[in-house]
Amino acid sequence: MKTYIALFRGINVGGRNTLPMRELVALLEGLGCEAVQTCIQSGNAVFRSGEQDAPHLAAKISAAIYENHGFQPDVHLLTTDQLERAAASNPFADAESDPSGLHLVFLATPVKSPDTFAIENLRAENERVAVATDVAFLHAPDGIGRSRLAAGLERALGVAATGRNWRTVQKILEMARR
């Protein structure tokens, strides 16, 4: 059995694509997942599965949500090792004391040609961004809701992505290590 972390994009945000966590747990268990735990209402789950093909499992989860709830969210699956590596490679360690301003943005595919011009035009003077193979790091000390860069980063990178703040990443890691 492999431990997976599922990051769901766009569920329970702004009253749209509502999926109570209790129902998500039942759905994952119905797909054969075990020891399912959720973290905050916006779509994070940790579970064990015998499925070795993560993209196949992500597609099955997304299809099951569509079948049962009428919307099909992007599901980004990580292993505990992948999430630990992403957190350990944070280039903005000085920002870890601002856990709501530091975000890890998990990329669906590697970035081939980011629009660096757009990134620089969107970036506020006090914001920092770094892009790695499968994750981008964003420090937005004035808040992500006010950040033009946060709003436009996915488009500028040219890949689908879902972000989590540092506090949430740490909570998920704690759950996955149990």
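The values are calculated or read from the model by the stated rules, or taken from the named source; none is laboratory data. Note that the structure is predicted; figures quoted are calculated from it, not measured. So basically every Cβ, Gly included, is an ideal-geometry build from the backbone, and we count neighbours across all protein chains shown.
As a summary of the residue check, S42 satisfies the conditions (1) outside the structural domain of A161 (by TED's automatic domain parsing); (2) within 25 Å of A130 (Cβ to Cβ); (3) crowded, with 19+ Cβ neighbours inside 10 Å; (4) out of contact with any Phe, Trp or Tyr (no Cβ under 7 Å at 6 or more places or on another chain) except for the one numbered (3). Of the residues making up the stretch 95-103, none is closer than 16 Å to T162 by Cα, surrounded by 13 or more Cβ atoms within 10 Å (Cβ to Cβ), in contact with a Phe, Trp or Tyr (Cβ under 6 Å, 6 or more places away or on another chain) and outside the structural domain of V131 (by TED's automatic domain parsing).
Just one of the listed residues (R148, R177) is touching a residue at least 60 places away in the same chain (Cβ under 8 Å), surrounded by fewer than 14 Cβ atoms within 10 Å (Cβ to Cβ) and basic (K, R), namely R177. Within the stretch 28-49, restricting attention to residues that are farther than 12 Å from I5 by Cα and modelled with pLDDT under 95, the residue that is nearest to the chain's Cα centre (by Cα) is S42.
Let's see how each residue does on (1) closer than 24 Å to V75 by Cα; (2) in contact (Cβ under 8 Å) with a residue 40 or more places away in the chain; (3) surrounded by 21 or more Cβ atoms within 10 Å (Cβ to Cβ); (4) of a type outside the set (A, V, I, L, M, F, W, C):
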position	(1), (2), (3), (4)
V129	yes, no, yes, no
A140	no, no, yes, no
E154	yes, yes, no, yes
R164	yes, yes, yes, yes
L173	yes, yes, no, no
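Selection of helices (runs of 4 or more DSSP H) fully inside the stretch 97-178 by the criterion of at least 2 residues being under 22 Å from I5 (Cα atoms) and among the hydrophobic types (A, V, I, L, M, F, W, C) returns 166-177.
Among the criteria (1) at pLDDT 95 or above; (2) within 30 Å of E29 (Cα to Cα); (3) not aromatic (F, W, Y), the one T109 does not fulfil is (1). One residue stands out in the stretch 57-86 among those that are in contact with a strand residue (DSSP E or B) (Cβ under 7 Å, 6 or more places away or on another chain) and more than 21 Å from T18 (Cβ to Cβ): the one that is surrounded by the fewest Cβ atoms within 10 Å (Cβ to Cβ), namely T79.
Among the conditions (1) in contact with a Phe, Trp or Tyr (Cβ under 9 Å, 6 or more places away or on another chain); (2) assigned to a strand (DSSP E or B), the only one that I65 does not satisfy is (2).
Residues are listed down the side, and each one gets a yes or a no for (1) in contact with a strand residue (DSSP E or B) (Cβ under 9 Å, 6 or more places away or on another chain); (2) farther than 24 Å from A45 by Cβ; (3) among the charged types (D, E, K, R):
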position: P91; (1), (2), (3): yes, yes, no
position: A95; (1), (2), (3): yes, yes, no
position: L104; (1), (2), (3): yes, no, no
position: E127; (1), (2), (3): yes, yes, yes
position: A130; (1), (2), (3): yes, yes, no
position: L138; (1), (2), (3): yes, no, no
position: R155; (1), (2), (3): no, yes, yes
position: M175; (1), (2), (3): yes, no, no
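Exactly one residue out of E84, E51, E29, E23 is assigned to a loop (DSSP other than H, G, I, E, B) and of a type in the set (D, E), and it is E51.
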